[in-house]
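The values are calculated or read from the model by the stated rules, or taken from the named source; none is laboratory data. Note that this is a predicted model, so its numbers are computed, not measured. Here the Cβ positions follow ideal geometry from the backbone for every residue, glycine too, while neighbour counts run over all protein chains shown.
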């Protein structure tokens, strides 16, 4: 009994820790663990929510960028376009001729090179054209220097692939010319600071840098397709006839718009080389030549305009040669001593033309030369233009000028006068930039005389005795006049020229073709009036005329399609 009492006593003893107290502590511990576990779960949920939100945001952004790709690209283009230092230059069809793009210079910061020997080895292996000795010296100087300027895209990629952080690519705006050589004598070039230094780039330098016009390209009158075809034919002709150079010009006889102007040899304007050799001169605008018999057309037109003769007027007692002062003037061939005025032009008689010029008189011929601007520098939107050589109208000048000797001019000016003779007698102003048409034109001959001359020039091509038979291309009614003369800069060389107008019944275009110092193409077989014959003569009728015929055959379809008359006729036929 006693023992039980003690146990009971112990149980009830307030100074002892009872099992109830121990149970309380365990319960308390369990509650703390539960709270900690709940807090951990909350953190996990929060992190999961944050990650999910980030994934959702990135997903939405990716979808937005994917859907807005075209728009973003357009905005980027617009931004770049608005920050260009120069405007685009395009041809008449909107084809890009010149444009500014982002390019790079490659510079080196030697302080960022970890292993100079390894760096030099890489350059030597991949860029053998670099001057390694100079690069070593600059590397040792520890100064920032340019490794290569004006990198091509391929060069940039090769340098970038080296993986050298010391190579720094400096961006700048570069002017590129999409057709390289094709427009080299007209478009010109810019310097490294984007200032025009020649051609159209220089003439319109201020307008091309005008930020207010940055979205509007400078539109030229040139046609890239025609320019390519003319350039190709002229290049082949220079090779065929062994010529040292040549030139060609195609112009609208009414507006003066130049559709094509080629001078060979040309050069790649993307390379920006400094050229001093005269062979690279713009022969059409800057070259000054004695163009020979093409002047006979002017003499005959003037005589008809002044009612001195008609096309059928007979000039009789034409001698084989005439002595004028110390000079003996004669014809290359033997002609009849009696020829009509139109036959004198068709056969290209020097003596016959001289006799007509004497009927005209020096003052009237001199006035015509002045009115037609043949002795003035041509006006065109480039600075590379020539100045004909002044001369005195002394003894025998009337006689020699009448058939194109003793007088110089540029091919552009000669073609411009032919345009006036063909278009009804109105002088035009040549242009290579789109502009408003001029309202008034100076007249040098009447519409009636113009029609007569177009008819005679057509006969130069179609008549048996004509000098330009090889230009008689079916469907184009070509008319024109040949000229064979000495090269003014080198009397040992000859210059063969043909100026044509077509279609002769309603002239629209004038085409000039000239070859410098051509040779006889002995292996060339001509289709001459239905006969196949080999070349034996070195005259304009056997080279420049032949080339002009090939050009007209190639460019004729393009000109017909672009013609308003053709399109109106086509629409009318379709409607009916």
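The table that follows gives values for the structure above.
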quantity	calculated
Boolean, residue 130 is surrounded by 17 or more Cβ atoms within 10 Å (Cβ to Cβ) and either outside any helix (DSSP H, G or I) or over 31 Å from the mean Cα position of the chain (by Cα) (or both)	no
Within region 153-171, considering residues that are free of Cβ contacts under 8 Å to residues at least 60 places away in the same chain and surrounded by 13 or more Cβ atoms within 10 Å (Cβ to Cβ), the one nearest to residue 122 (Cα to Cα)	162
The one condition in (1) at pLDDT 90 or above; (2) farther than 21 Å from residue 430 by Cα; (3) surrounded by 14 or more Cβ atoms within 10 Å (Cβ to Cβ) that residue 150 fails to fulfil	(1)
Options 228, 203: the member that is buried (at least 18 other Cβ atoms within 10 Å of the Cβ), out of contact with any helix residue (DSSP H, G or I) (no Cβ under 8 Å at 6 or more places or on another chain) and in contact (Cβ under 8 Å) with a residue 12 or more places away in the chain	203
Enumeration of residues in region 402-431 that are within 15 Å of residue 329 (Cα to Cα) and surrounded by 23 or more Cβ atoms within 10 Å (Cβ to Cβ)	402, 403, 404
Residue 177, sole failed condition from (1) out of contact with any helix residue (DSSP H, G or I) (no Cβ under 9 Å at 6 or more places or on another chain); (2) within 30 Å of residue 261 (Cβ to Cβ)	(1)
Criterion (at pLDDT below 90 and either in contact with a helix residue (DSSP H, G or I) (Cβ under 9 Å, 6 or more places away or on another chain) or not assigned by TED's automatic domain parsing to the domain that holds residue 254 (or both)) met by exactly one of 497, 484	484
Condition broken by residue 347, with the remaining ones in (1) in contact (Cβ under 8 Å) with a residue 40 or more places away in the chain; (2) out of contact with any helix residue (DSSP H, G or I) (no Cβ under 8 Å at 6 or more places or on another chain); (3) closer than 15 Å to residue 405 by Cα satisfied	(3)
Among the candidates 532, 567, 517, 527, residue that is in contact with a strand residue (DSSP E or B) (Cβ under 6 Å, 6 or more places away or on another chain), over 12 Å from residue 241 (Cα atoms), at pLDDT below 95 and in the same structural domain as residue 283 (by TED's automatic domain parsing)	532
